[in-house]
1. Would you confirm, using the coordinates I've provided, whether ALA136 is part of a helix (DSSP H, G or I), at pLDDT 75 or above and within 30 Å of GLN109 (Cβ to Cβ)?
2. Checking the structure you have, find out if any residue of the stretch 60-79 is among the aromatic types (Phe, Trp, Tyr) and under 27 Å from CYS229 (Cα atoms).
3. With ALA34, ALA8, ALA15 as the choices, which residue is outside any strand (DSSP E or B) and modelled with pLDDT of 90 or more?
4. List the residue pairs whose Cβ atoms are under 8 Å apart, where the first residue sits in the stretch 53-79 and is farther than 24 Å from LEU235 by Cα and not assigned by TED's automatic domain parsing to the domain that holds ALA105, the second is of a type outside the set (Phe, Trp, Tyr) and assigned to a loop (DSSP other than H, G, I, E, B), and the two are 6 or more positions apart or on different chains.
5. Specify which of the listed residues (GLN51, GLN69, GLN47) is assigned to a helix (DSSP H, G or I) and at pLDDT 65 or above.
6. Taking ALA281, is it surrounded by 17 or more Cβ atoms within 10 Å (Cβ to Cβ), among the small types (Gly, Ala, Ser) and within 27 Å of the chain's Cα centre (by Cα)?
Amino acid sequence: MTDDTRHAALLERIAAALERLAPPPPAAPDFEAAGAFVWNAAALGFQPVPQVNRLPRALLRGIDGPARQLLDNTRRFATGLPANNALLWGARGMGKSSLVKAVHAEIAQEGRRSKAGLKLVEIHREDIATLPACLAMLRASPHRFIVFCDDLSFDRDDTSYKSLKAVLEGGIEGRPENVLFYATSNRRHLMPRDMVDNERSTAINPSEAVEEKVSLSDRFGLWLGFHNCSQDDYLAMVESYAAHFGLPVARDELIRDALEWSITRGGRSGRVAWQFTQDLAGRLGKTLN
């Protein structure tokens, strides 16, 4: 056996050993398994969610304008028409993420009747850096997807917002035609004010530094603002929940207890109304289903 033959045999054995050690390629995602998924960044895969935690859109009170706009935008996308990425921003607990999930459920139900398929994929804030890999896998699917990130924001020294900007609109490939990106945030520009101010004070050209920070939100064609609710809106939410779940309580007692609950919480919002409803149902020995 010549040296060349021995070297070739050795290389073949090394290659075979490396193949055995290499992890198997990830399986193709089965998007027929569920209507909603969570992106698993560690495994570069999608985890099915058999039962999504959500409320019917009709129960979300005080946000009729944003709800109508998001529903129309999502319906256009689901039927193959142009639509915009959406940023739902504003007051805490006013139903931003609940609206995204409720709108998906409504449009997906319409799609089942028309044989179309709209899937919801949640990506966690800390996994945004892997968004390009997620979108690459979605691009090849015949389904249409809403990729949803709840409570999206960026802190000082966090540069992952730059990759998100490129993915949304500015990259070579751009956003896949079968994907929309919806995000919720308490901040309209997704950056803390002190972060923007710091960029202004240290930059050679302060105006350009600020533009760099606020331009991320410009990648969202649809901005939907959510504001603190009035007492009337809060009580309407509580009454709607009580009626929907059939809670046996007199209206006067319901209103009195709901107002007392909001005072102890120091504010009124959809979240406070829901938490009161859960407490009331528990005291009445009722389940919310």
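1. Working: part of a helix (DSSP H, G or I): yes; at pLDDT 75 or above: yes; within 30 Å of GLN109 (Cβ to Cβ): yes.
Considered against the rule, which asks whether it is part of a helix (DSSP H, G or I), at pLDDT 75 or above and within 30 Å of GLN109 (Cβ to Cβ), ALA136 comes out as yes.
2. Within the stretch 60-79 (the criterion being among the aromatic types (Phe, Trp, Tyr) and under 27 Å from CYS229 (Cα atoms)), the answer is no, since none of the residues qualifies.
3. ALA34
4. Correct list of pairs: empty, since none qualify.
5. On the way: GLN51 fails: assigned to a helix (DSSP H, G or I); GLN47 fails: assigned to a helix (DSSP H, G or I).
None of the others qualify; the one that does is GLN69.
6. Judged against the criteria, ALA281 is not a match.
The values are calculated or read from the model by the stated rules, or taken from the named source; none is laboratory data. Values in this document were obtained by computation on a predicted structure and should not be read as measured data. So basically every Cβ, Gly included, is an ideal-geometry build from the backbone, and we count neighbours across all protein chains shown.
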